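What follows is a short report on a single structure.
The values are calculated or read from the model by the stated rules, or taken from the named source; none is laboratory data. Note that this is a predicted model, so its numbers are computed, not measured. Neighbour counts run over all protein chains shown; Cβ positions are idealised from the backbone, glycine included.
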Amino acid sequence: MNIIQDLIARKLLYQTTDDKLESWLSEKPRTLYNGCDPTADSLHVGHMVALMSLRRFQQAGHRPIALVGGATGMIGDPSGKSEERKLLSESDILYNVERIKLQMARFLDFDSGDKNAALLMNNNDWISKFSFIEFLRDIGKHFPVNVMLTKDSVKSRLAREDSGLSYTEFSYMLLQSYDFVHLFRSCGCEMQIGGSDQWGNITAGIDLARRFGIETKLQGLTWHLLLKKDGKKMGKSEAGAIWLDAKKTSPYHFYQYWINIEDADVATGLYNFCERPVAEINELLAEHSRSPEKRAAQRVLAEDITQLVHGENGLKSAQNATNIFFGGEIDQIGDNEIESIFADVPSAELPRMTLDSGVLLIDALVSVKLCVSKADARRTIQQGGVYVNNRQVIDIERHLTASDLVGESTLVLRSGKKRYAVLKFK
């Protein structure tokens, strides 16, 4: 299955500038690009659609360019936004660029040495060389304002009564369009890909190339935005975005997001992020529709995407954490991992020296508020409802010592099946 047929089968293809794009791509390897503005120090799940698309094109023999918007990121794309983005400082942008580069390398092969080895570029390298007057004379004169006003990214903002569109944002289209021209001239890049909200920017770049006298026909392709059935963005939790940086979203919480995804949305996740053949995904979805309670589709999705983003060790860590949270015995793991797994449970801190003589378990249960009183704690232990590091304890005289620590300074207490608490000794 060629790349276009694969995108169609995965229900990802939205628009193309040429209905013969499939045959055009089959003629020879092409160079294509997608841009990403460094508005944060990590990419999130929403960016993964672009990264996976570039990855699929590379696997199909084409050369992808991952463009980091060091210049455009200082302005902010108005596409799909109801208000102007907060402008970042140059130092923040530079820091974010370096962080994002590391994450892109997980998805694309930059070091193969082959003709289709991916390129990583920063548009600040060429945009910053223009003076303001030079940019207006050399680039701005090729942009008819009436054409810019017809673009959805501009029209949608101008139509809102509660927000306008600044000249800064209005200029964004010029910068992104010139990227396409520059990449064609410097790298032979003939196609830009992006989400459906980028259609106006993509076609503006193609039009700019024509006005510059570039005779080669440049191409554009967009995919459906990553939305859930309810119309909300996929990759958002109550706590915010699901980040690709393990320090911002731990492998455990990343894994849990996909394990708990609704049945109505699991197909979208599988088609977008799993590299299994479409036929295999369809079989999995058919099995899931017959036995949704087994959540086989969610499990495959969670495993595949977590391994892709966090590697084999990250997946094992997430699965181990999941097993712990659902009752598996807790062996030696780090304090950071414990804090990640049990980020939302009560905790308490006691002096480290108290472990020398031992801390009565009854007192510990009260200190972390798993029990309301010592009598309640004693009764809960006698009834078999207390666990230290997920191991049942029935001795009311049990003392906690340094041997109970599973992290450098922490242990985990549990009352009943689901009520957890973390006890720290500093």
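Data for the structure
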| read-out | value |
| --- | --- |
| Filter pass, Phe135 being under 23 Å from His224 (Cβ atoms) and in a helix (DSSP H, G or I) | no |
| Residue match in the range 329-343 (condition: buried (at least 16 other Cβ atoms within 10 Å of the Cβ), aromatic (Phe, Trp, Tyr) and in contact with a strand residue (DSSP E or B) (Cβ under 7 Å, 6 or more places away or on another chain)) | yes |
| Lone unmet requirement of (1) closer than 14 Å to Leu208 by Cβ; (2) touching a His at 6+ places or on another chain (Cβ under 8 Å) for Phe184 | (2) |
| Single residue of the range 51-81 satisfying the filter (under 23 Å from Gly240 (Cβ atoms), aliphatic (A, V, I, L, M) and surrounded by 23 or more Cβ atoms within 10 Å (Cβ to Cβ)) that is modelled with the lowest pLDDT | Val68 |
| Among residues of the range 372-392, those that are surrounded by fewer than 18 Cβ atoms within 10 Å (Cβ to Cβ) and in a strand (DSSP E or B), counted | 2 |
| Wholly enclosed helices (runs of 4 or more DSSP H) of the range 194-276 bearing at least 2 residues outside the structural domain of Lys151 (by TED's automatic domain parsing), touching an Asp or Glu at 6+ places or on another chain (Cβ under 9 Å) and under 26 Å from Ile100 (Cα atoms) | 251-259, 263-273 |
| Cβ pairs under 7 Å, 6+ apart, first in the range 107-125 and assigned by TED's automatic domain parsing to the domain that holds Leu175, second acidic (Asp, Glu) | Ala117/Asp109; Ala117/Asp111; Ala118/Asp109; Asn123/Asp179 |
| The range 397-416 - residue that is hydrophobic (A, V, I, L, M, F, W, C) and crowded, with 16+ Cβ neighbours inside 10 Å and, of those, farthest from Leu365 (Cα to Cα) | Val406 |
